[in-house]
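The values are calculated or read from the model by the stated rules, or taken from the named source; none is laboratory data. Small disclaimer: the values here were computed from a predicted structure and weren't measured. Here Cβ is always computed from backbone atoms with ideal geometry, including for glycine, and neighbour counts include all displayed protein chains. Calculation scope for accessible area: heavy atoms of the full protein, side chains included, ligands and nucleic acids excluded. Shrake-Rupley method; radii C 1.70, N 1.55, O 1.52, S 1.80 Å.
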Amino acid sequence: MPVNNRVLFIDDDERILAGFRRNLHGSFEVDTAVGPEAGLAKVRESPAYAVVVSDLRMPGMDGVAVLSKVREMRPETVRVMLTGFADLEAAIGAVNEGNIFRFLTKPCETSYLVGALTAAVEQYRLVMAERELLEGTLRGSLRMLSEVLSLLRPEIYGRISRIAPYVRPLSRLCGDPSPWQTEAAAMLCQMGFIILPDAVISRVERGRTLSAEDAATYRQHAEVAAKLVANIPRMGGVAKAIAYQEKNFDGTGFPQDAVRGKELPVGARILRVLLDFDRLVSAGAAKAEAYKTIKQGAGLYDPDVVVAFGEVLGEEGKYVIVPVAVKSLRDNMILAEDMFVTRGGQQLKVLPKGYALSSVSLAHIAKLARYDPVTDPVKVIVPSGD
């Protein structure tokens, strides 16, 4: 992975910015912005900067507020404060509120500034390497776990496959700061269903009203899944999203605590919409009708997530359903119908409609097909250009 050495300087003095461009040329890929608003616009609209350096004293918004907003938009970007007002109170505020990597004073010798920026770029490299580990290796392991469990309880984990295609685009539209956590939460959010009796699962899947006893049993699934995931290092955010997947935007629902609205993890707010949407469609509603029901669920869902989900659904027109021979099935194809195996004169469901195929499930299908007839061809969802 090429090293990102892009550095953005934010200052209200163009002469100072020109000096940075001149003195650091050749050492870093330097970009500049005059004033806080222009700086934040560049952070928001440009490819990621490894480092953002902001002056402390600027009209309209000080450097502490600027770097705090940078942290919200680009949490992986390393933040450095540069100011001529080297007072202790400002330094403490900058570190506490903006999580600053370095606090430098003006005038700053070029050699010292180069050393500080070199350390900041290295810090960014380490952060991105860890992120790649989490998003790549860990997510791959979680997907494997999810797939293995799906083979044990395909009806339950079919829901995961059906909502999975929506998660990433919806996270992007919602400005999710940690989309990998939301994807991981979506993979594992139904893990707690393993503890539920089949009768309770059946009533939930059919949209039936639960008795007080069954409702209490059902409410345990999110807590159980969250506790299991919380045992995995660095998965606290994922566990929290899973724990709040059934919580309503207005604060009702469970867990019964004071968390509500935008205080709920964005991953939980996304799962709340997707899981209910899938339940409605699985119960027989057309997608347009299910989305209309979601839109009318005042207090249940984050309105911003609902609007974004409407945009994602609009993109589905770019996909088509086609029959594909079993031997031609490939990774990431999505089943448009249930897949069955015929055994002893009976049809047994192998994988449910909406299941996203993977190397694990393809190997499972191939093994079954060696001994018994399976649905062939089977209808799958593919991009219309394929």
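Points worth noting:
- Residues being under 11 Å from Asn332 (Cα atoms) and exposed (fewer than 12 other Cβ atoms within 10 Å of the Cβ) - total across the stretch 346-373: 1
- Hey, Ala308 touching a helix residue (DSSP H, G or I) at 6+ places or on another chain (Cβ under 7 Å), touching a residue at least 40 places away in the same chain (Cβ under 8 Å), open to solvent by less than 60 Å² (accessible area, probe 1.4 Å) and closer than 21 Å to Ala164 by Cβ or not: yes
- Residues that are of a type in the set (A, V, I, L, M, F, W, C) and either assigned to a helix (DSSP H, G or I) or surrounded by fewer than 24 Cβ atoms within 10 Å (Cβ to Cβ) (or both) within the stretch 39-55 comprise Leu40, Ala41, Val43, Ala48, listed in sequence order.
- Residues (basic (Lys, Arg) and either within 24 Å of Ala186 (Cα to Cα) or over 34 Å from the mean Cα position of the chain (by Cα) (or both)) located in the stretch 323-378: Arg330, Arg343, Lys349, Lys353, Arg370
- Checked against (1) in contact with a Pro (Cβ under 7 Å, 6 or more places away or on another chain); (2) touching a residue at least 40 places away in the same chain (Cβ under 8 Å); (3) among the acidic types (Asp, Glu), Asp302 passes all but a single condition, namely (1).
- For Val64, the requirement of being surrounded by 16 or more Cβ atoms within 10 Å (Cβ to Cβ) and modelled with pLDDT of 85 or more is not met.
- Checking Arg15, Arg22 one by one, the residue that is assigned to a helix (DSSP H, G or I), farther than 18 Å from Leu56 by Cα and more than 30 Å from the chain's Cα centre (by Cα) is Arg22 and no other.
- Residue match in the stretch 71-88 (condition: over 26 Å from the mean Cα position of the chain (by Cα), outside any helix (DSSP H, G or I), modelled with pLDDT of 85 or more and not aromatic (Phe, Trp, Tyr)): yes
- Checking each residue in the stretch 195-231 for being in contact (Cβ under 8 Å) with a residue 40 or more places away in the chain, of a type outside the set (Lys, Arg) and not in a helix (DSSP H, G or I) picks out only Gly207.
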